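The values are calculated or read from the model by the stated rules, or taken from the named source; none is laboratory data. Bear in mind the structure is a predicted one, so any value in this text is a computation, not a measurement. Cβ: placed from backbone, ideal geometry, glycine included. Neighbour counts: every protein chain shown.
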Amino acid sequence: MERRKIKEGVWEIPVTAKEGMNTPARLYSSDSLIESIDQGVMEQITNVACLPGIAGPALCMPDGHWGYGFPIGGVAAFSTSEGVISPGGIGFDINCGMRLLRSNLTLDEVKPKLPELLNKLFAYVPAGVGTKGSVPLSRKEFEQLMRDGIDWCVKKGLATREDEESVEQRGRLHPADPGCVSKKAFDRGVSQLGTLGSGNHYLEIEVVKEENVYDPETARRFGLDRPDQIVINVHCGSRGFGHQVATDYLQVFTKAVQKYGIKINDRELACAPFDSPEGQDYFKAMNCAANNAFANRQVIAYNIRRAFRDVFGKSDTELGISTIYDVAHNIAKVEKYIIDGKEQEVVVHRKGATRSFGPGSYDLPSKYRDVGQPVLVGGSMQAGSYLLAGTSLAEKETYGSTLHGAGRTLSRMKAKKMIRGDNLRRQMEDDGILVRAASMRGLAEEAGFAYKNIDEVIKAVDEIGISRKVAKLLPIGNIKG
């Protein structure tokens, strides 16, 4: 498919490339990575560019790979008055995202107790398919959680106000209406609060080496303030609850496409006008699932603190485990941007992409407003993760968005054919990364070779300027679903 480089790090597919495109598509990448973006991704992002009411180019980040409807790494903005909302642009795991916690502990303190710590975390944070959480909920409580997100956790003593301040939009998205959620979704989600799940979800103990801090001042502002500091990363989402919400509304939207006469190139892009009854019902249900995911990661954080207290015999104050930030990777949000020279209110779909708001943004906690938003990017469980900072350029060019991870290069099936989980675990332990996994087959699916080089995709967005490097976080212990 025709594409041309319009500036360093940005390639454009023009509207002439496919019949029905309403806007160009843009690929954010690097000279070394652009060839790894396959034809399927370009087909998908140009299909997105054909959807009605799209405002500005359809975008794909450097970690982009084939997904359901949208490519994973896809970003698009649709007019709230003339555009659509599509579950395929958000994902089945609504608000799959990340939370990064800092601590006062160092590698020398943690390493001798790492096996004990991982065992305790594995006991306190259920992982794997079908696991149940540690917080029983009545129907009324679950409905309140859907509306209130992190605020519900604060009232229950499961979160601090400092935690709440350090979550995207304080962990509470509006409007959220439990009446738009099916009984089946309710039944799948009510018992899963505080669980990791499976797939690529993990809880990781990481160390911040001094040589991997690229912006010491911003790192200090984010809470990275000592050599060989221990941090904890949590990657998970809304579990079966969000998956069922997406499944339910894809069925609704398949009919809505016909009802509203919407032409789509791919049935996986089933959608409805954002301002239609169907569109608004989905948006309210999606926000319920997103609030559930914020609360899920919060309960996991609560249990992480329990595990550290038990193992190290220290108080919360001594441990200093606090939330640096918590961000969504699969979400649709109503935001305002200057597009084609005028301010427009749009519903931004981020599918395997995350916010990257720059300094001065009204939507950031006051403690970060002058340095930009912490951006959390997960790599493979062998390569580590990154902490970045948001930029003003992202708000101008990419609807305040950047990449979310390394990006898969191999399917889970292919990865399992190439290595056994028990062999991978031995390799990781030989490399100094201890692992506790609910399934050896699930572990094999997430082998490092199944992903792009995290350093290369981070270098791409840093050089383009849509987020900037702050620190790399190296794994020493992993809980895998």
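Only residues that are in a loop (DSSP other than H, G, I, E, B), touching a helix residue (DSSP H, G or I) at 6+ places or on another chain (Cβ under 7 Å) and among the charged types (D, E, K, R): list them for segment 230-270, please.
Asp266 - this is the single residue of segment 230-270 that is in a loop (DSSP other than H, G, I, E, B), touching a helix residue (DSSP H, G or I) at 6+ places or on another chain (Cβ under 7 Å) and among the charged types (D, E, K, R).
Take Glu318 and decide whether it is over 16 Å from the mean Cα position of the chain (by Cα), surrounded by fewer than 24 Cβ atoms within 10 Å (Cβ to Cβ) and under 26 Å from Ala246 (Cβ atoms).
Answer is no for this residue.
For segment 249-267, indicate whether the set of residues that are surrounded by 24 or more Cβ atoms within 10 Å (Cβ to Cβ), modelled with pLDDT of 95 or more and out of contact with any strand residue (DSSP E or B) (no Cβ under 8 Å at 6 or more places or on another chain) is non-empty.
yes
Looking only at segment 19-59, how many residues end up being in contact (Cβ under 8 Å) with a residue 60 or more places away in the chain and out of contact with any Cys (no Cβ under 6 Å at 6 or more places or on another chain)?
Within segment 19-59, residues that are in contact (Cβ under 8 Å) with a residue 60 or more places away in the chain and out of contact with any Cys (no Cβ under 6 Å at 6 or more places or on another chain) number 16.
Suppose we keep only residues that are under 23 Å from the mean Cα position of the chain (by Cα) and surrounded by 16 or more Cβ atoms within 10 Å (Cβ to Cβ) within segment 411-427. Which one would you say is nearest to Ile338 (Cα to Cα)?
Only one residue fits best here, namely Arg412.
Within segment 77-86, identify whether any single residue is touching a residue at least 24 places away in the same chain (Cβ under 8 Å), closer than 16 Å to His404 by Cβ and β-branched (Val, Ile, Thr), and answer yes or no.
No, that holds for no residue.
From (1) in contact (Cβ under 8 Å) with a residue 40 or more places away in the chain; (2) farther than 27 Å from Glu143 by Cβ; (3) small (Gly, Ala, Ser); (4) in a loop (DSSP other than H, G, I, E, B), pick out the condition that doesn't hold for Ala219.
(4)
With the requirement that a residue be touching a helix residue (DSSP H, G or I) at 6+ places or on another chain (Cβ under 8 Å), closer than 15 Å to Gln192 by Cβ and outside any helix (DSSP H, G or I), what does segment 130-157 give you?
Gly133, Ser134, Val135, Leu137 - these are the residues of segment 130-157 that are touching a helix residue (DSSP H, G or I) at 6+ places or on another chain (Cβ under 8 Å), closer than 15 Å to Gln192 by Cβ and outside any helix (DSSP H, G or I).
Please state which of the following conditions Arg188 fails to meet, knowing it meets all the rest: (1) in a loop (DSSP other than H, G, I, E, B); (2) at pLDDT 95 or above.
Only one criterion in (1) in a loop (DSSP other than H, G, I, E, B); (2) at pLDDT 95 or above is unmet by Arg188, namely (1).
With respect to Glu395, determine if the residue is acidic (Asp, Glu) and at pLDDT 95 or above.
yes
Hey, any hits in segment 22-41 for a residue that's closer than 16 Å to Gly89 by Cα and part of a helix (DSSP H, G or I)?
For segment 22-41, residues closer than 16 Å to Gly89 by Cα and part of a helix (DSSP H, G or I): present.
Can you name the condition, by its number, that Gly390 falls short on among (1) assigned to a loop (DSSP other than H, G, I, E, B); (2) small (Gly, Ala, Ser); (3) out of contact with any Pro (no Cβ under 6 Å at 6 or more places or on another chain)?
(1)
Output the residue which, of all residues in segment 295-315 that are more than 14 Å from Val135 (Cβ to Cβ) and either buried (at least 22 other Cβ atoms within 10 Å of the Cβ) or aliphatic (A, V, I, L, M) (or both), is farthest from the chain's Cα centre (by Cα).
If we take residues in segment 295-315 being more than 14 Å from Val135 (Cβ to Cβ) and either buried (at least 22 other Cβ atoms within 10 Å of the Cβ) or aliphatic (A, V, I, L, M) (or both), then Val311 is farthest from the chain's Cα centre (by Cα).
Please determine, by comparing only the residues of segment 428-442 that are touching a residue at least 12 places away in the same chain (Cβ under 8 Å) and part of a helix (DSSP H, G or I), which one is surrounded by the fewest Cβ atoms within 10 Å (Cβ to Cβ).
The qualifying residue surrounded by the fewest Cβ atoms within 10 Å (Cβ to Cβ) is Arg441.
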